[in-house]
Amino acid sequence: MTFRDLLFRLLACLLSAAPFPAQAESPIVIKFSHVVAEDTPKGLGAAFFAKRAAELTKGQVKVEVYPNSTLYKDKEELEALQLGAVQVVAPSLAKFGLLGVREFEIYDLPYIFDSYEELHKVTLGPIGKSLFRRLEPKGIRGLAYWDNGFKSFSANTPIHMPDELKGKKMRIQPSKVLEAQMLALNAIPRVMAFSEVYQALKMGIVDGTENPISNLYTQKMFEVQSHLTLTEHGYLGYAVIVDKKFWEALPTDIRGQLEMAMKEATDYTNRIAKEKNDSDLEALRRSGKIEIHVPTPEQRRAFKKVLVPVHKEMASRIGDDLLQSVYRETGFDPAKL
């Protein structure tokens, strides 16, 4: 090696150790896919999370939100997450039975919650956290529960009593509990992707739905349904979940900032869920396109008497211990119906 070669190598070492300003790193990109409209509680919550994630990480994280099934349909979301094609999804709680985590179907039971207060004792308490832990062997980390609202039945004929759903083809999510619920009403359950429901209603492939008001309104289902009865018989909520491997590989400070962004987004989403359903209900009334019926106390009791026995029917599937824990948490007593 010549003296000149040695000098160049020494100079290269000195230059590599010099305190030059580091080049700006590209932001961490997080793809957040969901299947509902941007102006639903979930859509607004996802946008809020993206905004706060960028602010709290000072631009080190960019959350790209893909709403309204633009990236994946609801049947594909969980698989896409497990394959690493997206990092965050927020499927409805009914979807976890497909993963073999049947305990999440506790949330599908009709009339298991009579109010948001009762619901949040479960989703925000020890039971909700214990259910999230059951997802971890599947490579999934649960971050939060987001409300959408309480579901009501719609169809093209009046629904004042349970027997008026007899023989109706009713769209449901893929859940054995929801299937049992429709069978208890002598209706015909039809599993269908959310993005396909409007056309199916329009073409008569299905006769009716169960949805929170915000879903019915933002998807314009009221254009192809003439009757809505505010049964509020079941809860529709979401679990915001993340690829566990991706999440744990994030720098600790970034993960902490994202957890704060998610907490703020959860508080925001759950706060606006009821407000959004209430305002969309008023918009439905103003539209004049759908007849809205508020059940009398006697009619509500009639629906409860038909549907609450589904709890006992599904206890062996979901877990009787879990069911009794929820009863204790909420104060629900099926014997008092």
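Please work out if Phe96 is of a type in the set (Phe, Trp, Tyr) and at pLDDT below 90. No. Taking the criterion of being hydrophobic (A, V, I, L, M, F, W, C) and either modelled with pLDDT under 95 or in a strand (DSSP E or B) (or both), the residues of the range 125-156 that qualify are Ile140, Leu143, Ala144, Trp146, Phe150, Phe153, Ala155. Just a yes or no: is a residue in the range 190-198 on the phi > 0 side of the Ramachandran plot, out of contact with any His (no Cβ under 6 Å at 6 or more places or on another chain) and polar (S, T, N, Q)? No, because not a single residue in the range 190-198 is on the phi > 0 side of the Ramachandran plot, out of contact with any His (no Cβ under 6 Å at 6 or more places or on another chain) and polar (S, T, N, Q). Annotation note: of Glu259, Glu329, the sole residue that is surrounded by fewer than 18 Cβ atoms within 10 Å (Cβ to Cβ), touching a residue at least 40 places away in the same chain (Cβ under 8 Å), in contact with a Pro (Cβ under 9 Å, 6 or more places away or on another chain) and assigned to a helix (DSSP H, G or I) is Glu329. Any chance the range 281-297 includes a residue that's touching a Pro at 6+ places or on another chain (Cβ under 8 Å), modelled with pLDDT of 95 or more and within 27 Å of Ile172 (Cβ to Cβ)? So far as the range 281-297 goes, yes, one or more of its residues are touching a Pro at 6+ places or on another chain (Cβ under 8 Å), modelled with pLDDT of 95 or more and within 27 Å of Ile172 (Cβ to Cβ). Among the residues here, Glu298 does not qualify as of a type in the set (Asp, Glu), surrounded by 15 or more Cβ atoms within 10 Å (Cβ to Cβ) and farther than 18 Å from Phe150 by Cα.
Here's the yes/no breakdown for (1) at pLDDT 95 or above; (2) touching a strand residue (DSSP E or B) at 6+ places or on another chain (Cβ under 9 Å); (3) within 28 Å of Tyr327 (Cβ to Cβ):
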site: Gly167; (1), (2), (3): yes, yes, no
site: Arg171; (1), (2), (3): yes, yes, no
site: Ala193; (1), (2), (3): no, no, no
site: Thr229; (1), (2), (3): yes, yes, yes
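When the residues of the range 198-210 are narrowed to those that are out of contact with any Gly (no Cβ under 9 Å at 6 or more places or on another chain) and in a strand (DSSP E or B), which ends up surrounded by the fewest Cβ atoms within 10 Å (Cβ to Cβ)? Checking each candidate, the answer is Gly208. The C-beta contact set for the range 57-73 (first residue of a type in the set (Lys, Arg), second residue surrounded by fewer than 19 Cβ atoms within 10 Å (Cβ to Cβ), distance under 6 angstrom, 6+ apart or interchain) comprises Lys62/Pro27; Lys62/Val29; Lys73/Ala193; Lys73/Ser195. If we scan the range 215-227, do we find a residue that is at pLDDT 95 or above, in a helix (DSSP H, G or I), among the charged types (D, E, K, R) and out of contact with any Phe, Trp or Tyr (no Cβ under 7 Å at 6 or more places or on another chain)? Yes, there is a match, as at least one residue in the range 215-227 is at pLDDT 95 or above, in a helix (DSSP H, G or I), among the charged types (D, E, K, R) and out of contact with any Phe, Trp or Tyr (no Cβ under 7 Å at 6 or more places or on another chain).
Condition check ((1) out of contact with any strand residue (DSSP E or B) (no Cβ under 7 Å at 6 or more places or on another chain); (2) part of a helix (DSSP H, G or I)) across all residues:
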position: Asn68; (1), (2): yes, no
position: Ala94; (1), (2): yes, yes
position: Gly97; (1), (2): yes, yes
position: Glu103; (1), (2): yes, yes
position: Tyr107; (1), (2): no, yes
position: Pro110; (1), (2): no, no
position: Asp114; (1), (2): yes, no
position: Leu119; (1), (2): no, yes
position: Val122; (1), (2): yes, yes
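Selection within the range 230-256: residues that are without any contact (Cβ under 8 Å) to a residue 12 or more places away in the chain and more than 25 Å from Leu99 (Cβ to Cβ). The member of this set that is surrounded by the fewest Cβ atoms within 10 Å (Cβ to Cβ) is Thr252. In the condition set (1) in a helix (DSSP H, G or I); (2) in contact with a Phe, Trp or Tyr (Cβ under 9 Å, 6 or more places away or on another chain); (3) closer than 30 Å to Leu337 by Cα, Phe48 is compliant with all but (3).
Taking (1) touching a Leu at 6+ places or on another chain (Cβ under 8 Å); (2) in a helix (DSSP H, G or I); (3) within 29 Å of Tyr111 (Cβ to Cβ) in turn, Val240 satisfies each apart from (2).
Could we say that Glu223 is surrounded by fewer than 20 Cβ atoms within 10 Å (Cβ to Cβ) and closer than 27 Å to Lys121 by Cα here? So Glu223 fails the test.
The values are calculated or read from the model by the stated rules, or taken from the named source; none is laboratory data. These numbers come from a predicted model, not from an experiment. FYI the Cβ positions are ideal-geometry reconstructions off the backbone, even for glycines, and counts take in every protein chain you see.
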